[in-house]
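These notes concern the structure reproduced below.
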Amino acid sequence: AQTKETSCPHGTTIEVSQLFYNTPARKKFLKGDGTESSHITQVVTQHALAHPQIHFTLINNGRKVIDVLPTDQHLYRIAELFGAELAKELVQVDTDYGDYRLEGFISSPVYTRSSRSAQYCYVNQRFVRDKVILHSTQQGYSHLLPKGQHPAIYLFLSMDPKLFDVNVHPAKAEVRFAFQQEVHRFVSGSVKDSLSGSKKLSLPSMDQSENRFYTTSQSRQTDHRVGPASNYSEGQSSARLSSAMKLIYKDSAACSVDLESTRLRSPQVEIFHEKPSAVSNLIYSEFEPLGQLDRSFILMQGKPGILVVDQHIAHERVLYDRFKKAAENKKIEVQQLLFPLTMEYSPSEVELLVRHKDSLSELGLELELFGKNEFLLRTVPAILKNNDKEEIMREIVDMLPAQKHEEALHEKFEEILIMMSCRNAIKVNMSLNLDQIRKLISDLQETEMPYTCPHGRPIALLYDIDSILKKFLRK
């Protein structure tokens with residue numbers, strides 16, 4: 001049949017059949033129905049996310065797999081495709097620099113995935129799996145994520161089409177940037193800046209009367225309605241405990257709870273199975289310390305519920321922020337060793353230390369070459385005064401990059417700061433009184449990221465009051 005152009009007004013239905021008529025060999029290489037269906041769903045999801053103003057419907061064997069109404073806001077499209085709970089954990093990104101503009105949303109550090117399945121990156125509205133963008137995004141989170149965990153990202157990078165090439169992959173799934181390092185720095189910096197000043201987004205009611213969604217004649221005819229506003233809003237706050245209740249142990253010394261002596265033995269007591277939630281937007285000062293649990297965790301009470309804080313990683317976050325600021329301002333407090341420590345290294349390690357000697361000095365580690373393969377350690381950061389200095393130096397040598405590349409050096413020195421903070425932080429099985437607990441929580445509240453440790457682990461878990469009341473059949 002002759003091919004010719006034709007108009008396609010709104011409401012036009014395009015049907016494609018006999019996909020493999022001209023290439024029957026390709027049909028033999030198809031995988032199972034489930035696998036191919038998942039691929040189709042993924043492709044439709046990618047396009048639906050890139051074009052929120054379009055109504056997408058995917059039907060498979062009579063079942064609606066995707067049915068998203070048109071909207072003028074990406075956040076609502078994300079909520080429909082991936083769930084409102086995920087959308088509530090997102091932080092907005094909106095930056096531009098020169099020829100580049102980056103928009104979209106990324107998850108707060110407390111929301112992670114074990115795979116990259118929730119990562120969607122677009123360049124000029126084209127979905128790509130680009131290593132530069134993915135790596136720069138991960139680097140933007142720095143040490144906020146646990147090892148092996150990945151954030152949810154929905155990012156849209158815009159630039160002049162002349163600055164990248166799409167013809168480097170058969171499926172156009174990869175691009176090549178003219179200035180890769182420039183793009184890498186821009187994306188990682190944008191992610192880092194967005195996280196440092198982040199406030200999690202709330203999902204207001206999707207009220208059509210407020211023009212939250214576009215309404216098409218087709219959507220009205222097929223009776224595709226948006227769900228009730230309660231599906232996306234925070235919901236009504238639950239009844240709180242009486243404000244007249246006195247805080248337990250308010251004026252007494254900290255009460256340590258011995259786990260071994262408080263095991264639940266009565267069959268009439270129901271074990272609390274509710275899963276606590278990692279916090280990312282609570283104000284610690286709104287909670288009152290009660291004491292310690294197993295001399296390792298701090299228990300706090302507030303209107304939202306019971307907060308459990310890991311004392312070791314909380315102090316680690318405090319020390320890391322303090323040490324990092326001092327290093328950036330070159331004002332690290334150092335301790336002069338009464339007797340310099342002599343340490344012997346292999347030739348390759350000596351080369352590393354010589355190469356990075358000045359940088360280590362900025363961290364308070366003053367080294368002097370002594371003989372062929374020996375160094376004298378004359379000063380250490382005051383934070384390490386009670387630690388095994390030789391063992392720490394061994395760890396530092398293992399962390400040093402082989403080349404004095406600026407980005408690699410910065411990343412390794414971040415790891416060194418984290419290691420030194422971890423070594424000097426309050427340990428588990430260490431008793432704290434209420435004054436010490438209050439001081440730690442106050443210092444934690446002043447840090448840039450008070451909800452995760454430098455390794456990315458959550459610092460506090462919340463057992464919310466709603467779940468507790470339900471367990472006691474009070475709701």
Check your understanding: Tally time: how many residues in the range 418-457 are surrounded by 16 or more Cβ atoms within 10 Å (Cβ to Cβ) and of a type in the set (S, T, N, Q)?
Key -> 5
Check your understanding: Take the residues of the range 412-456 that are closer than 25 Å to residue 397 by Cα and of a type in the set (D, E, K, R): which is modelled with the highest pLDDT?
Key -> 427
**Study point:** From 324, 389, 331, residue being more than 29 Å from the chain's Cα centre (by Cα) and surrounded by 14 or more Cβ atoms within 10 Å (Cβ to Cβ)
**Key:** 389
Practice item. May I ask you to list the residues in the range 93-146 that are touching a strand residue (DSSP E or B) at 6+ places or on another chain (Cβ under 7 Å), among the hydrophobic types (A, V, I, L, M, F, W, C) and part of a loop (DSSP other than H, G, I, E, B)? Key: 110, 144
Practice item. Only residues that are loosely packed, with under 15 Cβ neighbours inside 10 Å and at pLDDT 90 or above: list them for the range 52-71, please. Key: 53
Practice item. Looking only at the range 175-183, decide whether some residue is over 16 Å from residue 49 (Cβ atoms), surrounded by 14 or more Cβ atoms within 10 Å (Cβ to Cβ) and within 22 Å of the chain's Cα centre (by Cα). Key: yes
Check your understanding: Which residues, taken from the range 72-90, are surrounded by fewer than 17 Cβ atoms within 10 Å (Cβ to Cβ) and among the acidic types (Asp, Glu)?
Key -> 72, 85
Exercise for review: Would you check which residues across the range 1-51 are surrounded by fewer than 10 Cβ atoms within 10 Å (Cβ to Cβ), touching a residue at least 12 places away in the same chain (Cβ under 8 Å) and within 34 Å of the chain's Cα centre (by Cα) and list them?
Suggested key: none
Exercise for review: For residues that are surrounded by fewer than 20 Cβ atoms within 10 Å (Cβ to Cβ) and in contact with a strand residue (DSSP E or B) (Cβ under 6 Å, 6 or more places away or on another chain), scanning just the range 463-475, find the one that is modelled with the highest pLDDT.
Suggested key: 463
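Conditions tested, residue by residue: (1) under 13 Å from the mean Cα position of the chain (by Cα); (2) closer than 28 Å to residue 53 by Cβ; (3) at pLDDT 90 or above.
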| position | (1), (2), (3) |
| --- | --- |
| 120 | no, yes, yes |
| 152 | yes, yes, yes |
| 160 | no, yes, yes |
| 201 | no, yes, no |
Point to revise | Leading residue by the ranking (nearest to the chain's Cα centre (by Cα)) among those in the range 432-449 that are hydrophobic (A, V, I, L, M, F, W, C) and assigned to a helix (DSSP H, G or I) | key: 444
Review point. Between residues in the range 72-88 that are under 18 Å from residue 42 (Cα atoms) and in contact (Cβ under 8 Å) with a residue 40 or more places away in the chain and residues that are of a type in the set (Gly, Ala, Ser) and surrounded by fewer than 19 Cβ atoms within 10 Å (Cβ to Cβ), which pairs lie under 7 Å by C-beta distance while being six or more apart or on different chains?
Key: 82/118
Practice item. Among the residues of the range 91-111, write down those that are among the hydroxyl-bearing types (Ser, Thr, Tyr) and either surrounded by fewer than 22 Cβ atoms within 10 Å (Cβ to Cβ) or not assigned by TED's automatic domain parsing to the domain that holds residue 188 (or both). Key: 95, 97, 100, 111
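Matching residues to (1) surrounded by fewer than 14 Cβ atoms within 10 Å (Cβ to Cβ); (2) without any contact (Cβ under 8 Å) to a residue 24 or more places away in the chain; (3) assigned by TED's automatic domain parsing to the domain that holds residue 399:
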| site | (1), (2), (3) |
| --- | --- |
| 339 | yes, yes, yes |
| 353 | no, no, yes |
| 357 | no, yes, yes |
| 360 | no, no, yes |
| 368 | yes, no, yes |
| 375 | no, no, yes |
| 380 | no, no, yes |
Exercise for review: Taking the options 277, 285, 256, name whichever one is out of contact with any Phe, Trp or Tyr (no Cβ under 9 Å at 6 or more places or on another chain) and at pLDDT below 85.
Suggested key: 256
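The values are calculated or read from the model by the stated rules, or taken from the named source; none is laboratory data. Keep in mind it's a predicted model, so treat the numbers as computed, not measured. Positions of Cβ are generated from backbone atoms using ideal geometry, with glycine treated the same way; all protein chains shown enter the neighbour counts.
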